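Since the structure comes first, as structure tokens, the remarks are kept for the end.
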Number of protein chains: 2
Amino acid sequence: MSNTGGRRKPPTIHDVAREAGVSRGTVSRVLNGGHYVSPTAHEAVNAAIRKTGYVVNRHARSLITGRSDSIGFLLTEPQERFFEDPNFNVLLRGCTQALAAHDIPLLLMLAGTEDERRRITRYITAGHVDGVLLVSSHSGDPVAQELCEAGVPLVACGKPIGLGSKVSYVAAADRDGARDMVRHLLSLGRRRIAVVTGPLDTPGGVERLAGYREVLAEEGIEYDERLVVSGDYSRASGEAGAERLLAQAPDLDAVFVASDLMAQGVLTALERAGRGVPGDVSVGGFDDSSAALAARPQLTTIRQPYDRISAEMVRVLLAQIGGEDPAAVILPTELIKRGSA
Amino acid sequence: MSNTGGRRKPPTIHDVAREAGVSRGTVSRVLNGGHYVSPTAHEAVNAAIRKTGYVVNRHARSLITGRSDSIGFLLTEPQERFFEDPNFNVLLRGCTQALAAHDIPLLLMLAGTEDERRRITRYITAGHVDGVLLVSSHSGDPVAQELCEAGVPLVACGKPIGLGSKVSYVAAADRDGARDMVRHLLSLGRRRIAVVTGPLDTPGGVERLAGYREVLAEEGIEYDERLVVSGDYSRASGEAGAERLLAQAPDLDAVFVASDLMAQGVLTALERAGRGVPGDVSVGGFDDSSAALAARPQLTTIRQPYDRISAEMVRVLLAQIGGEDPAAVILPTELIKRGSA
DNA sequence: CTGAAAGCGCTTACAG
DNA sequence: CTGAAAGCGCTTACAG
């Protein structure tokens, strides 16, 4: 207990064995599940562990098991998005906590530049982590590609475009969510519904637009290109997108925005244009991130179940590391009504 | 290169040695700085490394060096703040990148609950990381206390209250920043300047209030308790604080808010009360986080140099791990003028 | 400048 | 159920 200054050498399995009066093999067996150990020995070892304050040396263990018992959280998006988007935080926290429950540390890896990508790919394929939680849904991500080919267990957040079906992912039901929102806007009496999509090389970009088109078609409303612009999920792109929409289709009476952050930008542009929300224009977001509550008015939006998404990502990844086959998990979304629509 | 399915066994130092026609000791020497190695051997080893695609096994290295070559980024704040506060993101990213430049992975550690705190303290004191970047400035943080006593190299972000002077930290010049802001508000002709402080058990809470009081005293303006309330750095606490201020001191003509996020809340409350910003009331924030740009109007604020803060935290921590004494680094702030004051 | 050898702390067949 | 022993991949004095 008393550790006066400096770090002293921590006890090893050898110290525990001596204290318990057994061999190191027996201590190790207790540490690894307690199979083939007599109750007496088991107890003696546990007591010795408590007494010595023993904690396993993970390096020694990893050296022999070949596993690192750690997981990488890899972000290949441009750096700025990471700051700005509250969703990342929620995901990162959820994954860290889910892993902590398994006593597995999370290594944060940022691969923004080409150099970083190379370094990190090398690090991962060298086996320094047992698997990777991937946040990046742009198509043709070279890092994801390489990791896949190297056989590194991998779970993506959102369906990765262009990586084939052998890669695991966890995603929200984007299309259904979009459908719910557009139907909600219709139920409000809106007919000139514009849309600000996400990047069209991401599933969220493609699928949410698809949901929008589906509902319009089902209702016999003609698809009007002037009502459609794309953003990059940033607040600024939402603002710029709304400006283009107002110029192209001044008669719009609603905007479905593919992310809450972009919706914040849309609100700014509408306010500047003198359009009241929700009086003149209804605005619907997507995510139910903290941006939805920060917006004025607060955003009616589609909740992505980020808590469940992170938990499932960890579950699927650990299963895959354990030898299971890749899997895709789709989680339902929910319409959250607030002031903006 | 071609790695068809599955993870094959990576090359070891032994493979490199054989390829280069030298002993493993020589390979190791090349890996660790190249001292006492002939140019010929050096070249042969490098070529062999390239040819085999060798990457050092960090577990084996750590086992013998006793270092983990990894750093923990420890957050002991309640979880919610982590999401909401954009400053954390900037810090986390900056630290990750600064460490990446040294090829040192960052382990993200969240110690929100008592259980997590215990688990993480154990993990760290067991030597699983070489040092810790600490984000928590509440006084009497038990984790920080324990780590300090265990002799774990530690650098805090912001001066830790109650940990004595032997712990390293990097902080912005809180008091000076607050002084600059209050002087700016005075220069605008404001005289009834209110303040929403941070938690008074954090240096940011105490010091920014101190700066406010100093300037008022210097200008012969009486300190009025009704103009002072405290928040917890959250948006909601800013909103609530402004409401109390409006009730206690309806004649206020400016508010200095100790964080941008709280300032967003203040803006919401002022708007609801029908007070125009900056017409009726000038509002000054602190941080220059993304919240400052998201606010309407955009916030005049005090920039904390988070890029430099994270870089310095890493520098000081690595120095300390290398045997240097603890150090405190204070970085200057800057007044950023925008629309709110 | 270089090789042979010891040893870091653990796990895991292998005999008993 | 248990111990003795080999071995994971590396670094580092130690001789030369």
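The values are calculated or read from the model by the stated rules, or taken from the named source; none is laboratory data. Everything numeric here is computed off the predicted structure, so don't read it as measured data. With ideal geometry, Cβ positions are generated from the backbone for all residues, glycine too; neighbour counts draw on all protein chains shown. Surface areas here come from the heavy atoms of the whole protein model, side chains and all, with no ligands, DNA or RNA. Shrake-Rupley method; radii C 1.70, N 1.55, O 1.52, S 1.80 Å.
Ranked from largest to smallest solvent-accessible area, with a 1.4 Å probe on the protein heavy atoms, B:Ser38, A:Ser187, B:Ser282 come out as A:Ser187, B:Ser38, B:Ser282.
If both residues of a DSSP beta bridge must be in chain B, then about 10% of such bridges are antiparallel. Bridging of A:Lys9 to lysines at a Cα separation below 29 Å is possible for A:Lys51, B:Lys166, once same-chain residues fewer than 8 apart are set aside. Full extension of the chain between B:Ala47 and B:Glu324 gives 96.1 nm of extra length, using 0.36 nm per residue less the Cα-Cα distance. If you plug the beta carbon distance of B:Glu149 and B:Val55 into 1/(1 + (r/R0)^6) with R0 = 45 Å, you get a FRET efficiency near 0.75. Its Cα gyration tensor gives the protein assembly as shown an equivalent ellipsoid; the semi-axes, largest first and in whole Å, are 46, 35, 23. Using heavy atoms of the protein chains and a probe of 1.4 Å, the accessible area assigned to A:Asp287 is about 10 Å². Length gained on full extension, A:Leu200 to A:Leu188, computed as 0.36 nm times the residue gap minus the Cα-Cα distance: 1.5 nm.
Across segment A:174-303, the volume of the C-alpha convex hull divided among the residues equals 86 Å³ per residue.
When shorter helices are ignored and each DSSP H run of at least 4 residues is given -39500 (n - 2.57), the per-residue value for the protein assembly as shown at 222 nm works out to -14000 deg cm²/dmol. Of all DSSP-defined beta bridges confined to the protein assembly as shown, some 10% are antiparallel rather than parallel.
Starting from the label point of A:Ala327 at 7 Å along Cα→Cβ, the same points in the other copies fall at 5.1 nm, in ascending order. Cα centroid separation, segment A:17-90 to segment B:154-190: 40 Å. Residues of segment A:96-121 buried by at least 30 Å² of accessible area upon assembly of all protein chains, compared with the chain on its own (1.4 Å probe): A:Thr96, A:Gln97, A:Ala100, A:Asp103, A:Pro105, A:Leu106, A:Leu107, A:Leu108, A:Leu110, A:Arg119.
Distances, shortest first, from the label point of B:Pro39 to those at the same position in the other copies read 7.3 nm; the point lies 7 Å along Cα to C-beta.
Ligands, DNA and RNA aside, A:Leu154 has an accessible area near 0 Å² when probed at 1.4 Å. Of the residues B:His184, B:His102, B:His35, the one that moves most in a GNM of chain B with alpha-carbon contacts below 10 Å is B:His35. Cross-link partners for B:Lys337 among the lysines, with Cα-Cα distance under 30 Å and sequence neighbours closer than 8 places in the same chain left out: B:Lys159. May I have the pair-distance distribution P(r) for segment B:13-56, computed from all Cα-Cα distances with 10 Å bins from 0 and rounded to whole percent? Using 10 Å bins, I get a P(r) of 35, 62, 3 for segment B:13-56.
Estimated translational diffusion coefficient (Stokes-Einstein, Kirkwood radius over Cα pairs, 4 °C, 1.567 mPa s) of segment A:3-148: 71 µm² per second.
Radius of gyration (Cα atoms) of chain B, expressed as a multiple of 2.2 N^0.38 Å: 1.26.
Taking all protein chains as shown and a probe of 1.4 angstrom, B:Thr40 keeps an accessible surface of around 110 Å². Copy-to-copy label distances for B:Leu200, where each label lies 7 Å from Cα along Cα-to-Cβ, are 5.9 nm in order of increasing length.
Taking segment B:264-282 and a reference point 7 angstrom along Cα→Cβ of B:Gln248, the backbone N atoms nearer than 16 Å belong to B:266. Placing a label point 7 Å from the Cα of B:Thr12 along the Cα-to-Cβ direction, the residues of segment A:107-129 with a backbone N closer than 19 Å are A:126-129.
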